[in-house]
Amino acid sequence: MIRKSIYSLDAYTPGEQPAIKNIIKLNTNENPYPPSPLVVEAISKVSVSDLRLYPDPVCTEARRIAAILHGCSPDNIFFGNGSDEVLRLAIDVFVEHGGLAGGFVPGYSLYPVLAAIHESRWRAWPLPQPGTLGACADEICKERECPSLFVIINPNAPTSTAFSRAEIGEFASKYPGVVLVDEAYSDFSDSGSMADMALTHPNIFVCRTLSKSYSLAGMRVGYLVGSAEIVSAFYKVKDSYNMDRFSQAAACAALTDQNWMRANCRRIRSTRGRIALELISRGWNVPESQTNFLWAEPPSGVRAEFVMGELRKSGIIVRHFPEALTRSRLRITVGTDSQMDEFLSVLDSIASV
């Protein structure tokens, strides 16, 4: 009864959401600060009696606000049930069954799962160093078959590094297919969003989320910015009512309060820089981060799995990816200053054992 491809599917494993209280949760890149007070106010105003009615199927008001934010038409905006829905629909829209999608490794491990569910193929290329993305496009285009959809996470997860605007534009100008720029972490980067490029490059579209910088991981809101042609294709294949009334109200309020979001991002960036220096002083290898997490390798001779386990004993949870390219490092979400001070204190106690 179940499709053969589903039987053999290795499902995506989301980050742990433990039920234990009083832990310091640094494993899923959630924002440690609450969303804008306007979000709370907007949700409280949703009429309970209206819950018997379907929500707006095309998120009219949220699209209007996002369009103002990005200087475009609402026809250039699509809202989804989290950015994961946007990513799933991108496979539906751009990749034929049995076709090829691609991206870089290490990267977001959901992409190949989405391709497999669609019964399409996924191919990954080694993540190029910043400054070499254009040359990488040349090499990919030499292949016998180019992916019809190529995903670039910018800034990248889990490495926390970023490509420049010029590099993204160069890659897209050379690439014969469609380029999806996944911007889950762009609000924490120096360059910010590249959504404007999606309005001038016909084969670029940008996927954004309100889970990270807007502190709305629990509401499941994501959106894309792209050409009207791309957006109309997404509306053909989405669920009829893919965003509920609460999510739409929260999205409108959060996008309206840019000052709140930016202030929280500044706090996280400041803490990120301080903790990176503290780790480096303790012998850790920590590349410069453009995200709300640190991609950190323990000192020589200390295994990342060991550190993760010892942190967990003290109620601090971080993320470890056991694959060959990533097993030597931990992904550490930036929490509040007090949380990160406790993290450092526990690290020091581990080192003294």
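Table for the structure above
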| item | result |
| --- | --- |
| GluC sites (Glu not before Pro) within segment 12-97, DSSP loop, no more than 16 other Cβ atoms inside 10 Å | Glu16, Glu96 |
| The chain: calculated mean residue ellipticity at 222 nm from DSSP helix runs of at least 4, using -39500 (n - 2.57) | -11500 deg cm²/dmol |
| Across Lys25/Lys45; Lys142/Lys174; Lys25/Lys212; Lys21/Lys313, pairs whose alpha-carbon gap is larger than 19 Å | Lys25/Lys45 |
| Cα centre as origin, Lys/Arg/Asp/Glu Cβ charges: the chain dipole, Debye | 480 debye |
| Accessible area in square angstrom per residue, segment 84-138, 1.4 angstrom probe | 40 Å² |
| Rounded D (µm²/s) - segment 37-155, Kirkwood Rh over Cα pairs, Stokes-Einstein at 20 °C, 1.002 mPa s | 124 µm²/s |
| Mean shadow area of the chain over all directions, Cα convex hull, nm² | 19.2 nm² |
| For segment 178-281, alpha-carbon Rg and Dmax in angstrom | 16.0, 53 |
| Segment 52-97, accessible surface, carbon-and-sulfur percent (1.4 angstrom probe) | 52 percent |
| Percent antiparallel among DSSP beta bridges (both partners in segment 114-219, rounded to 5) | 0 percent |
| For segment 248-341, accessible area per residue (1.4 Å probe, heavy atoms of protein chains only), Å² | 45 Å² |
| Charge dipole (debye, nearest 20) of segment 129-219; +1 at Cβ of Lys and Arg, -1 at Cβ of Asp and Glu | 120 debye |
| Convex hull projection area averaged over all views, segment 46-112, Cα basis, nm² | 7.2 nm² |
| Accessible-area value, Lys174, 1.4 Å probe, nucleic acids and ligands omitted, Å² | 70 Å² |
| Listed residue (Leu347, Val105, Ile77) projecting farthest to the positive dipole end of the chain, Cβ model | Leu347 |
| Between segment 301-353 and segment 43-120, the Cα center-to-center distance that results, in Å | 33 Å |
| Among beta bridges that DSSP assigns inside the chain, antiparallel share in %, nearest 5 | 45 percent |
| Order of exposure, largest accessible area first, which applies to Met243, Met308 with probe 1.4 Å | Met308, Met243 |
| Longest to shortest principal axis, alpha-carbon extents of segment 275-353, angstrom | 32, 30, 22 |
| Whole-number accessible area per residue in Å² for segment 26-80, which is evaluated in the context of all protein chains at 1.4 Å | 51 Å² |
| Dipole magnitude (debye, nearest 20) for segment 1-107, charges at Cβ of Lys, Arg, Asp, Glu | 220 debye |
| Residue among Val221, Val48, Val318 with the largest mean-square fluctuation in a Gaussian network model of the chain, springs linking Cα atoms under 10 Å | Val48 |
| Longest to shortest principal axis, alpha-carbon extents of segment 98-150, angstrom | 33, 24, 12 |
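The values are calculated or read from the model by the stated rules, or taken from the named source; none is laboratory data. All values derive from a computational prediction rather than experimental measurement. FYI the Cβ positions are ideal-geometry reconstructions off the backbone, even for glycines, and counts take in every protein chain you see. Just the protein is used for accessible areas: all its heavy atoms, side chains included, with ligands, DNA and RNA removed. Shrake-Rupley method; radii C 1.70, N 1.55, O 1.52, S 1.80 Å.
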